[in-house]
1. Just to confirm the number: angle between the C-alpha axis of helix A:3-19 and the first principal axis of chain A, 0 to 90 degrees, nearest 10?
2. Return the Cα extents of the protein assembly as shown along principal axes one, two and three, sorted largest first, each rounded to a whole Å.
3. In degrees between 0 and 90, to the nearest 10, how far off the longest principal axis of chain A does helix A:25-35 point, with axes built from Cα atoms?
4. Can you divide the C-alpha Rg of the range B:3-85 by 2.2 N^0.38 Å and report the result to two decimal places?
5. Go ahead and set up a Gaussian network model of chain A, Cα springs under 10 Å, then flag whichever of A:113, A:85, A:16 fluctuates most.
6. Between A:129, A:43, A:29, which gets the highest mean-square fluctuation from a Gaussian network model of chain A, Cα cutoff 10 Å?
7. If I fit a long axis through the Cα atoms of helix B:54-66 and take the longest principal axis of the Cα atoms of chain B, what angle between them do I get, 0 to 90°, rounded to 10?
8. Return a whole-number percent for the relative contact order of chain B, with Cα pairs under 8 Å and 6 or more residues apart as the contact set.
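No lab work stands behind these numbers, since they all come straight from the coordinates. Note that the structure is predicted; figures quoted are calculated from it, not measured. As a convention, Cβ positions derive from the backbone with ideal geometry for all residues, glycine included, and neighbour counts pool all protein chains shown.
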DNA sequence: ATTTACTTTCAGTTTGTTTTGAAAGTTCAA
DNA sequence: TTGAACTTTCAAAACAAACTGAAAGTAAAT
């Protein structure tokens, strides 16, 4: 397989992969394209390589920037804006974890805390089941939250080597 | 807040949460309803409580069963089928991890392996960047894969107490 | 001040997903 | 074997998300 084919395959798969995780296909594809590009590229490059409109590129690039996965690059002497993605997959992963934790896990935990103390007789089977379920989810989320915090702060070599000693 | 309100809130939030993770809102809502129900319930109960059609319930229940999150229960002497969800959140989580790993991570890793050895001069900047990116993702995925395997096999108390000693 | 090179926005359209409901299928009991 | 009770399917409808492209906006260069 040559570079062009391989790039295309990677971009397509990364897009499909993303769409299983609540990320829109095009955004994931743009991200993939940027990750395998050695040099920063322009909106027009992206439009051409992925066959999508200017507006679409603009919108998704903006999103990728707010996710902290892509940077706007201004080359001196150039009018045009260039874009470049973080290529270190560990940084990409921790950045995504950090953002999703903030956007989703944190609010969920806040809600669970309020739902745990409802009015009602704890002898009632339905009330008991509700409280048990919620409190189980809450305890689990708390641990997951702590674990993610450690991961975010840790560095890559710790993940690749240190942690694996623990996980035998 | 009373039980009914709290249930509704939980169901709504669990639905919204799911839809950020590639799970359709209704499926997540049915799952939530089943998790907080002390006793098995029927299709009709679900239709009524969530205001959705019979076909919709049927489809999504079937999906939840293939995910291993919900069981069909036959009460002796009853014609009707009842449904019940696994309530232990640890089991729910490991079950989801196991399935998604099989459906998504495993195929992705297989693809990455094939993409890593492309034709082309490794001195070429673009070729080099491509190989570096792919191999970085592959190494990372491999570690993540190992970690998930350990988690799937581990039991809940290990997660809640043991692992946390490691993560300080 | 005007032109030129570029970026952003957004109403309308396309595409994709979810839901409905009625019809077909199944199973059991009489 | 018929009918009642229930489940499953699936074509069409409703809904939601993503995309386009042209128009409006911005800012550097002349």
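1. That works out to roughly 30 degrees.
2. Taking max minus min along each principal axis of the Cα atoms, the protein assembly as shown gives 74, 45, 35 Å.
3. Roughly 60 degrees between the two axes.
4. Numbers: Rg = 12.2 Å, N = 83, 2.2 N^0.38 = 11.8 Å.
Relative to the rule-of-thumb radius for its length, the range B:3-85 sits at 1.04.
5. Top of the fluctuation ranking is A:113.
6. A:129
7. Rounded to the nearest ten degrees, it is 50.
8. Numbers: 136 pairs, mean separation 24.1, N = 168.
Relative contact order for chain B comes out at 14 percent.
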